[in-house]
Each structure stands twice: as C-alpha cells, then as structure tokens.
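Everything on this sheet refers to the single structure shown next.
The values are calculated or read from the model by the stated rules, or taken from the named source; none is laboratory data. In this text the structure is predicted, and so the values were computed from the model without any measurement. Cβ placement follows ideal geometry from the backbone for every residue including glycine, while neighbour counts extend to all protein chains displayed.
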C-alpha cells in the first residue's frame, strides 16, 4: 500500500538570475509555502522546494510538473540563459509547514526599515521602523534585490514631497505600499490581480496599523483613475513595457515613476528609452547584483 502524506520534492538547478523568479512562481502555482535551499554548483544554483499538498492526485501532479517545466523554458528564453533542469521526487514530511520559516528571519531591507515575520518577535531599535508580515500564499518576503532598490527610491521621492498619492502596482504582500505609508505617504492604493496576494496584503496592512492610509484592491490597472504623485511597479521588463501607456496616464505632471524587476543592461536601456518617449526623464538608475531600478520624473507638459 502506498505511504500516506507523501509530497512532491522539486530540485531545480539554474542560472542564479532565475532563482527569485522561479521561487516566486512556484509559491503561486503550488498555492503553498515552500522551503528553499540554495547550493552553488559550477556557477549554477540548485533549489530544493518542498510542496505542501500531500497525496496529490496523479492528473494534478502531471499538470503542475508540466506547467513548471514550461515556465522554466520560457523564463530561460526571456533572460537568455540555459534552461534550468528539473527533477521530481516524493518525500514524507510531517512538519513541512514550519521548515521554510527558518529561512525568513527579521532583516533590514533598507537602513532604518526592518521586515519581521509574525513568528519572530522583534524589538525595534531607536529610530527604526518595522513591518511585521506573513507572506501567506502570496509572493514576496522582501528578500529580492529589486524590493530594496525600489524602497530606497520610494523613500527618496516621499521624503521630497512626492507622497501625496501613491500607487503600488502588483503589490504582492504589500511591502512597497506599507513602506511608502511609513515613509510619510498620505494615501496609498496597492493593487494586485492575484486574490491571494490581496488577501495577504490586507492582513499585513491591518497588522501594521496602516489601514487608514493604505487601501488594497483587486481593481484592474486600466480602471484606476490617474493623478498619482508616485507610481511604483516592481514587476518584469516585458510587462512594464506593455503597461507603459497606462502608467504614463496614472502619473500626474511632475510626478515620479519607480520601476524595477528589470536586469541591468539592455532591459534597463529599453525601459528608459520607452518612457523617455512618453515624456519622462530618467533621474537615476540604482543597481544591485544583476538587477536595476529606475526613477523617472514626468514632464510638466
């Protein structure tokens, strides 16, 4: 008789640039938290991910593996790197739910702002601000380089008076929107098309006492009214280009646009070129590892 409570173990070896996109995708497609162990091998990184769902029905198992394999191939084409390898096995694990949490401990995402998980009590130092959060089944614990790059630029814009109305596009767990509020933004709209992300973000906003400032919504980007002093979107290069005209409409004259989820080099140049054609001026590009974030300012016409 087949053992009960068996779960899937996925082993993926990949170019380091794909580690974060792959882990984010798997969190969404499997609807569960996963443990991620990274081991350097010959310039590649190997991720071991343990799926939460036990005794998965065979048809669903095949669909998930096929979906993951297709995404890995597509991602490799987008980033122009070798296709990751994927190995699948089964494991019996009674305590999967707590294992992944050991990798998420309090950390300073930018100087003076700490991200702390709900299960790790944290005492703020003098002058330090803290976001207490649980990612739930949504994307984003804040460890991705693009998040800290965005936050540094968002803080600069808000400190300079650009926090009257802020729009966070693709909010995930709500980190950027909540941080904007802590930095001094007056009103923040955080939107996402993933109901799991919206649910997690709303809980995090409430947990941090920011509901009076931050509204979390599933409203479609195209239906959002304009007039924002700051719009931030940490997504991916191709999607940002597709959204360009809408993002332009949403930023008020003289307002700021912070974009990330893009690689240094050609992707960054494409973003600057596209938005310059819409009347934006590139103020600065911040870089960390292979990633970049761009601060653009919209002309006053």
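Just a few scattered comments:
- Some residue of the range 262-280 being part of a strand (DSSP E or B), touching a strand residue (DSSP E or B) at 6+ places or on another chain (Cβ under 8 Å), under 12 Å from residue 153 (Cβ atoms) and without any contact (Cβ under 8 Å) to a residue 40 or more places away in the chain: no
- Among the residues of the range 135-154, those identified as modelled with pLDDT under 85 and in contact with a helix residue (DSSP H, G or I) (Cβ under 7 Å, 6 or more places away or on another chain) are 135, 136, 137, 138, 139, 140, 142, 144.
- Among the residues making up the range 228-245, those that are within 23 Å of residue 300 (Cα to Cα) and either within 16 Å of the chain's Cα centre (by Cα) or assigned to a strand (DSSP E or B) (or both) are 228, 229, 230, 231, 232, 233, 240.
- Criterion (surrounded by fewer than 19 Cβ atoms within 10 Å (Cβ to Cβ), farther than 30 Å from residue 132 by Cβ and touching a residue at least 60 places away in the same chain (Cβ under 8 Å)) met by exactly one of 299, 227: 227
- Scanning the range 238-251 for residues that are touching a residue at least 40 places away in the same chain (Cβ under 8 Å) and buried (at least 18 other Cβ atoms within 10 Å of the Cβ) gives 243, 247, 248, 250, 251.
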